[in-house]
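Visitor: Could you have a look at this structure, given as structure tokens, before my questions?
Since every read-out is calculated from the coordinates, none of them should be taken as a lab result. Since the model is a prediction, treat every value here as computed from it, not as a measurement. Note: ideal-geometry Cβ built from the backbone for every residue, glycine included; neighbour counts use all protein chains shown.
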Amino acid sequence: MATIFVPTPLRKVTGGEGKIRIRAATVQQAIDSANAVYPGFRERVLDGDGEIKRFINVFVNGVDVRKLQGRATPVRENDEVAVIPAMAGGN
Amino acid sequence: MLGFTNDQIYRYSRHIILPDVGGAGQKKLLRAKVLLVGAGGLGSPSAMYLAAAGVGTLGIVEFDRVDLSNLQRQLLHRTQDVGRLKIDSAQDTLNALNPDVKVVKHQVVLDSTNIMEIIKDYDIVVNGTDNFPTRYLVNDACVFAGKPLVDGSIFMFEGQATVYDAAHGGPCYRCLFPTPPPPGEVPSCQEAGVLGVLPGIIGSIQAIETIKLILGKGDSLKGRLLLFDALAMEFREMRVEKDPHCPVCGEDPTITELIDYEQFCGVAFPEKPATAQDAEMVPA
């Protein structure tokens, strides 16, 4: 099992859960697995073309998947997939 | 001793005895010029710790007035300051804390016509703004001016902090987030709420990073995005690298001049979005 770290803005979709345990071999499968449990998750992360939205970065164990193999980046046992959106608040 | 007054030697004694600061480091702090964008949630702890540390010149960009609802987290301001300009309230608080600090007030709304003139006199910019258009403006201006940008942002129980320094091999904001979220997905910070202590953590981290940059000590957050989840009480670290294709700091930049947010986002940035529904995707 791997873990998806869900940022606060997406927790509305996950019923408040900040971490989701999923079985997945790739980032795409991780997103699909999360979506199976929490419908709407995928469309929060991926755009209409199925690509990761440009104002969201997905990291596997702290490394941006765009520097790896994108959505095909392997996810292994105990890996953490973090979905990180831009945040603008400061006030 | 290095031109300190007796009071300064005593005031900064806990710095001066630190091997990585010392008298020479304290002098660097006293000579440093730091610009804080915003005197709100993040700007309050940053400004207060930088002032206490003896950073000699603190510029503050802020046009807003103190509102009662600010006081849950914005420690620069007090109940008696409600209705005053934040910049005046901030100056009073900082000078009461440390009269060594010269506070320079910039009571303006930052835009493409004034930002370069404002930031040119400062060594480091600390970002405590609360909206995407200003974040992109400040980032691009810092890239053009070659200034390090100590960045922080907060949302509900979660915060982010990093150091952007494109002039010295680091990434910039657009390396991570080349384009802003569509206007419909950009909420304002007032709607979702924020734990009052949270900006205290993130703003203090920004103050630490600023002091490290001034001293030239330690490993900065350049190239690392620090995430803080207060509910889980967890810190995470993501590696962020300079993007050679970055539209502003990359090898073949497509953005070569500043962009004002109305043009940038297509619509004027809403002060108060209609519903909390707007705030579900991307925090502001």
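Visitor: Once phi is turned into θ = phi - 60°, what whole-Hz ³J(HN,Hα) does the Karplus curve with 6.51, -1.76 and 1.60 give for every residue of region B:148-161, x standing for Gly and Pro?
Guide: x, 10, 8, 9, x, 8, 9, 7, 6, 10, 10, x, 10, 8
Visitor: Report the net charge of residues surrounding B:HIS245, where surrounding means a beta-carbon distance below 9 angstrom and charges are Lys +1, Arg +1, Asp -1, Glu -1.
Guide: Overall, the nearby charge balance is -3.
Visitor: Does a label point 7 Å from the Cα of B:LYS120, set along Cα-to-beta-carbon, have any residues of region B:137-153 with amide nitrogen under 12 Å, and which are they?
Guide: Counting backbone N atoms under 12 Å from the label point, the list is B:145.
Visitor: Residue by residue through region A:77-90, which ³J(HN,Hα) values in whole Hz follow from phi under the Karplus form 6.51 cos²θ - 1.76 cosθ + 1.60 (θ = phi - 60°), with glycine and proline marked x?
Guide: Once θ is set to phi - 60°, the couplings for region A:77-90 become 3, 6, 5, 10, 9, 10, 9, 10, x, 5, 10, 10, x, x Hz.
Visitor: Give the calculated FRET efficiency between B:GLU241 and B:THR5 to the nearest 0.05, with a Förster radius of 45 Å applied to their Cβ-Cβ distance.
Guide: 0.50
Visitor: Separate question: Loop sites only, by DSSP: take the GluC sites (Glu not before Pro) in chain B that have at most 14 other C-beta atoms within 10 Å and name the longest stretch containing none of them. List each step's numbers first, then the result.
Guide: Values: sites that count: B:GLU251, B:GLU257, B:GLU271.
That gives B:1-250 as the longest site-free run.
Visitor: Name the long-range amide H neighbours of B:LYS222: under 5 Å, sequence gap of 5 or more, or other chain; modelled H, no Pro or chain starts.
Guide: B:VAL163
Visitor: Could you order the peptides A:73-85, B:169-181 from most to least packed, using the average number of other C-beta atoms within 10 Å per residue? If you can, show how the numbers build up before the last one.
Guide: Numbers: A:73-85: 17.6, B:169-181: 21.5.
By packing density, highest mean first, the sequence is B:169-181, A:73-85.
Visitor: A further question follows. Computed FRET efficiency, Cβ-Cβ of B:ASP111 and B:GLN72, R0 22 Å: what is it to the nearest 0.05?
Guide: Details: r = 29 Å, r/R0 = 1.32.
Computed FRET efficiency for B:ASP111 and B:GLN72: 0.15.
Visitor: May I ask you to list the lysines whose Cα is less than 27 Å away from that of A:LYS53, ignoring any residue fewer than eight positions away on the same chain?
Guide: Filter leaves A:LYS12, A:LYS19, A:LYS67, B:LYS222, B:LYS242, B:LYS272.
Visitor: Restricting to the protein assembly as shown, what percent of DSSP beta bridges are antiparallel, rounded to 5?
Guide: Roughly 55 percent of the beta bridges in the protein assembly as shown run antiparallel, per DSSP.
Visitor: If you don't mind, there's one more thing I want to ask. What are the residues whose amide H is under 5 Å from the amide H of B:VAL126, where those residues sit 5 or more places off or on another chain and H is modelled from the backbone?
Guide: B:LEU35, B:LEU36, B:VAL37, B:VAL150
Visitor: Net charge near A:ALA2, counting Lys/Arg +1 and Asp/Glu -1 over other residues with Cβ under 11 Å of its Cβ?
Guide: +1
Visitor: Considering amide H positions built from the backbone, and no H for Pro or chain starts, which residues 5 or more places from A:ALA24, or on another chain, come under 5 Å of its amide H?
Guide: Residues meeting the amide H criterion: A:ALA2.
Visitor: Further question on the same structure: Quick check on region B:116-234: take the gyration tensor over C-alpha atoms, sort the square-rooted eigenvalues as a ≥ b ≥ c, and tell me if it's rounded (a/c under 1.5), prolate or oblate.
Guide: It comes out oblate by the Cα gyration axes.
Visitor: Right, here's the next one. Please say if chain A is rounded, prolate or oblate, where rounded means a/c under 1.5 for a ≥ b ≥ c the square roots of the C-alpha gyration tensor eigenvalues, and otherwise the choice is prolate for a/b larger than b/c and oblate otherwise?
Guide: Working: a/c = 1.38, a/b = 1.18, b/c = 1.17.
It is rounded, given that a/c, with a ≥ b ≥ c, falls under 1.5.
Visitor: What is the extension gain from B:LYS217 to B:ARG31, computed as 0.36 nm multiplied by their sequence separation minus the C-alpha to C-alpha distance, in nm to one decimal?
Guide: 65.3 nm
Visitor: Moving to a separate point now. Only bridges whose two residues both fall in chain B count here: according to DSSP, what percent of them are antiparallel, nearest 5?
Guide: Numbers: 18 of 37 bridges.
Bridges in chain B are about 50 percent antiparallel.
Visitor: Which of rounded, prolate or oblate describes the protein assembly as shown when judged by the alpha-carbon gyration tensor and an a/c cut-off of 1.5?
Guide: prolate
Visitor: Just to verify a number: FRET efficiency for A:ARG54 and B:ALA24, C-beta to C-beta distance, R0 = 51 Å, to 0.05?
Guide: Efficiency for this residue pair is about 0.70.
Visitor: Among B:34-41, A:12-19, what's the highest-first ranking by average C-beta atoms within 10 angstrom per residue? Before the final figure, lay out the partial values.
Guide: Working: B:34-41: 29.6, A:12-19: 15.2.
The densest-packed peptide leads the list: B:34-41, A:12-19.
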